[in-house]
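The structure appears below as C-alpha cells.
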Amino acid sequence: MGLTLSEKIIKEHLVCGEMIKGEEIGIRIDQTLTQDATGTMVYLELEAMEIDRVKTELSVAYIDHNTLQTGFENADDHHFIGSVCKKRGVLFSRPGNGICHQVHLERFAVPGKTLIGSDSHTPTGGGIGMLAMGAGGLDVAVAMGGGAYYITMPKICKVNLTGSLSPYVAAKDVILEVLRILSVKGGVGKIIEYTGEGVKTLSVPERATITNMGAELGATTSIFPSDEITKEFLEAQDRGSDWIELSADPNAIYDEEIEINLSTLEPLAAMPHMPDNVRKVSEIGKIKIDQVCIGSCTNSSLSDMLKVAAILKGKKVAPNVSLSIAPGSKQVLSMLATCGALTDIIDAGARILESACGPCIGMGQAPNSGGISLRTFNRNFEGRSGTADAGIYLVSPEVAAASAINGYLTDPRTLGGELKISMPTRFLINDNMIELPASPEEARDVEVIYGPNIKPFPKSNKLTDEIQAPAILKVGDNITTDHIMPAGAKILPYRSNIPYLSQFCFRQCDENFAENCKAAGKGFIIGGANYGQGSSREHAALVPLYLGIKAVITKSFARIHAANLINAGIMPLTFENADDYDKICQGDDLVLTNVFAGLDSGKFILKNTTKNIDIPLVGVFTKRQKAILKAGDLLQYTKSS
Ligand code: MIC
Ligand code: SF4
C-alpha cells in the first residue's frame, strides 16, 4: 500500500506506537522554534528540567510578538530568553529580524524534517514539505531535551488542486475556500495534504500562506510536496543542499478528499468574527472601511509585499483609511528597500511597522470604536484586535491594497490588467540578527538573566480520587484561547507572570471569573464544542491551573489545548451525551467520583449535587497521559521518568 507524504515523514521519525489512525504515536523532533510570548514559559520549563544543552538538530528562539516595550517587562523577557539560548545551545533571532514563521521558512525549514513550535502557526513550514506542528510550550521544552512529541495519529485529508489562480486571486483565497468548506472544526484530528497539478502553479510562500492558515481549520498540520519549485526557493535562499524531493505515493490512500479548481476561485473574505465565515468579496459589496493592516505570518513574504507595492504605486491611501504594513522579516524589508518597492509603499501613505507580529496580536493598531478593519492576517476573533466592537475581515494582500486606495472593500479584479511582479532569483542573505549560542565550554559561565517580572510557573497538585468543586464558568461553542487568556499590548508583557495574568482570564466571558475562582478555591469549567481553538498558548491552561481549575468538561476540544490541559494536570473530559451540557448551570455544585478508576476505564461520573443528577463523562487517555495526570503534570512526569 502506498503512503501519503505525511505518513512517509512520520514513518521516518516514529519512535513509539504504530501509524494507526486515532492511536497515540511518538515522533522524533528535528527542529524546534519558540516565540517570545510563549517562549519565556518554555525556557523556564527547560531550566526546570535541568537540561544542559538542547539535543535537537536545530532550535531557534524568535523575538517577534512582544516587541512593543511600554515598560521593562518585554525587554527583560528578551534578555532572559537570549541568555538561556546562549547557555543551552539555541539560536536567538533578535527583535527586528522578523516573524518566527516567515524567518524560519526563509532560513531554516527543511523538507522531510519534523518541527514543533510553541505557536499554532508553526505549520507554515508545511509549505516547504516539512512536518511542522504547533505545540504547547512544555512539549517544545521536552523535545528540546531530546524527548519525543506525542500526537494522535491523524487522518489524512487530500486537497486536490487543479487549474491555476486567475489574476488578483491569491493563495489566501485558496485557504479561505478550504475554511469555507471545512469550517474551524473541520481539520481537527487531520493532516491536510495538498496534491494535484495545481500545486505546481503555487510558489513556496503561497503554499506557506495556505499551510499557515490551516491552523484555523484546527488541523494537526498541513503539507505540500517538495518539488522543483521548492528546490528553486531553497536555492534562492542559498540552501539548495537542504532540498530533497518528496511527495505522496501515487497509490496512497487518503481518509477524505476535497477538490479545488484554482481557476474558478474569486477573491474571498472571512467576515467578523470567525475565519470560516467566508464570503465572496464581490458579494459582500463596497463596505466602507477604516483601517487596512498588511503583514502577519500568513501574508508578509516578499512576493506579497511586491504585489502590494505594485497596486499602491503612484496611488494614495484613501483619506478615511489608515494603512499599516509590516514586512515579515528583515530580509523582506531590506529587499523591498533595495528594489525601490518600499518607496512606492511609503509614497502611497502607508505606515511602516517593524517586522513583527504587531497588530495581529493586538500590539498596536487597535481600530477605532466600531471600526472596520481589513487584515491579511489569520484570525479575526472578537476583541483580538484590541477594540472590542471592531469588525475584522481577513483578506488577501491584493484585496487589502486595492481597498486601502478606494476606502471601501474592493474586488481587486476591478483594477484591471494583470499584477506583474518580478521575483529575484537570489534573496538577500544576511543572518546577522541571529545570535549563535556559546560553545559548551563558554556556556558554563553564561548567567541566565531573570527580570523581576519573571515569576515561577504554577505547579499542580497530585490528582485525588474525588473532586468536589462548583461549575465556576459555563461557556458555549468555539471558545478560543483568546477568550480564555487574552493577548494584546496591555496583557502580553505579563506572559511570564502567571499570578498577574490570572486577573484577565476569561474576562470577555465573565469579568468576575478570576475572583470567583479565588473565592471558591477550585472549580470546573463547562464548555461547548471545539473548546480551546486558536493559539497554542499554554497560558490558557497554566492560568486556569493557577486559579484552581481541576477539570474542563466540554462537548469537544481543540487538539493543542487538550494536550496543554493534560500537560498542566487538568483533565479534559467530554460529555458522553452532548445534550447533558444543558444539565449543568454555572454555579452548580459538582462532584467527580472514582477518578482513578475512570482514568483506567475512560468513563467518569459527574454528580450534579445541586440538581441531583448523574452525568456520564468520557476521558480516554493514553498510558502516557494517565501517567502525566497521576504525576500531577508533564514536568513532574518528565522528571520522574
Ligand atoms: C497567536 O496568533 O494567537 C499567537 C500569539 O501567535 C499564539 C501564540 C501565543 O498565544 O503566544 C499562537 O498562535 O499560538
Ligand atoms: Fe504572530 Fe499573528 Fe502569526 Fe501569531 S498569527 S505568529 S501573532 S503574526
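Values in this text are rule-based calculations from the coordinates and carry no lab data. Quick caveat: nothing in here was measured; it's all calculated off a predicted structure. As a convention, Cβ positions derive from the backbone with ideal geometry for all residues, glycine included, and neighbour counts pool all protein chains shown.
The stretch between Val620 and Asp238, if pulled fully straight at 0.36 nm per residue, gains 132.8 nm over its current Cα-Cα span.
Normalised by the number of residues in the stretch 263-358, the average gap of Cα pairs under 8 Å and 6 or more apart makes the relative contact order 28 percent. Quick one: check the C-alpha center-to-center distance for the stretch 11-68 versus the stretch 431-483, whole angstrom. Answer, in whole Å: 13. Shape class of the stretch 372-421 from the alpha-carbon gyration tensor: prolate, with a/c at 1.5 or above and a/b greater than b/c. Pairs of Lys residues in the stretch 65-221 that lie 8 or more places apart, or on two chains, and have C-alpha atoms under 22 angstrom apart add up to 13.
For the stretch 398-406, backbone phi angles converted through the Karplus equation (6.51, -1.76, 1.60; θ = phi - 60°) give residue-by-residue couplings of 5, 5, 4, 5, 4, 5, 4, 6, 7 Hz, Gly and Pro being listed as x. The Cα center of the stretch 69-117 and the Cα center of the stretch 357-425 differ in position by 26 Å. Put simply, when 80-86, 226-232, 562-568 are sorted by average Cβ atoms within 10 angstrom per residue, most first, you get 562-568, 80-86, 226-232.
Using Cα-Cα distances under 8 Å and only pairs 6 or more residues apart, what relative contact order does the stretch 501-575 have, in percent? Spell out each step's value before the answer.
Numbers: 117 pairs, mean separation 23.8, N = 75.
The value is 32 percent.
Ranked from highest to lowest mean number of other Cβ atoms within 10 Å per residue, what is the order of the peptides 9-22, 511-524, 91-104? Don't skip to the end; give the middle numbers.
Working: 9-22: 14.2, 511-524: 16.6, 91-104: 25.5.
Descending mean neighbour count gives 91-104, 511-524, 9-22.
Sorted fewest first by neighbouring Cβ atoms within 10 angstrom, Tyr393, Tyr531 come out as Tyr393, Tyr531. Annotation: lysines with alpha-carbon distance below 19 angstrom to Lys639 (same-chain offsets under eight excluded): Lys55, Lys459, Lys462, Lys623, Lys626, Lys630. With runs of 4+ DSSP H residues as the only contributors, calculate the mean residue ellipticity of the chain at 222 nm using -39,500 (n - 2.57) per run, divided by the residue total and rounded to the nearest 500. Here the helix-only value at 222 nm equals -8000 deg cm²/dmol.
Nearest 10 degrees is fine. How inclined is helix 36-48 to the longest principal axis of the chain, computing both from alpha carbons? Rounded to the nearest ten degrees, it is 40.
Listed values for the stretch 313-325 are Karplus-derived 3J(HN,Hα) couplings in whole Hz (6.51 cos²θ - 1.76 cosθ + 1.60, θ = phi - 60°), namely 3, x, 10, 10, 5, 4, x, 8, 10, 9, 10, 10, 9, and x replaces Gly and Pro. What FRET efficiency, computed as 1/(1 + (r/R0)^6) with R0 = 25 Å and r the Cβ-Cβ distance, is obtained for Asn251 and Glu18, rounded to the nearest 0.05? Using R0 = 25 Å, I get an efficiency of 0.75.
When peptides 539-550, 239-250, 188-199 are sorted by average Cβ neighbour count within 10 Å, with the highest value leading, the order is 539-550, 188-199, 239-250. Across the chain, the relative contact order, built from alpha-carbon pairs under 8 Å that are at least six residues apart, equals 14 percent.
So for the chain, Kirkwood radius off the Cα pairs, Stokes-Einstein at 20 °C and 1.002 mPa s: how many µm² s⁻¹? For the chosen part, D equals 87 µm²/s.
Taking the fewest neighbouring Cβ atoms within 10 Å as the starting point, the ordered list for Val42, Val317 is Val317, Val42. Think of the chain as a dipole: +1 on every Lys or Arg Cβ, -1 on every Asp or Glu Cβ, centred on the Cα centre; then among Ala170, Gln533, Asn97, Gln533 lies furthest on the positive end. Charge dipole (Cα centre; +1 on Lys/Arg Cβ, -1 on Asp/Glu Cβ; no other charges) of the chain amounts to roughly 680 debye. Going by a ≥ b ≥ c, the root eigenvalues of the Cα gyration tensor, does the stretch 52-148 fall in the rounded group (a/c under 1.5), the prolate group (a/b larger than b/c) or the oblate group? Oblate, because a/c is 1.5 or more while a/b does not exceed b/c. Compactness check for the stretch 213-270: Cα Rg over 2.2 N^0.38 Å is 1.48. Averaging Cα coordinates gives a centre for the stretch 218-281 and one for the stretch 284-327; these two points are 23 Å apart.
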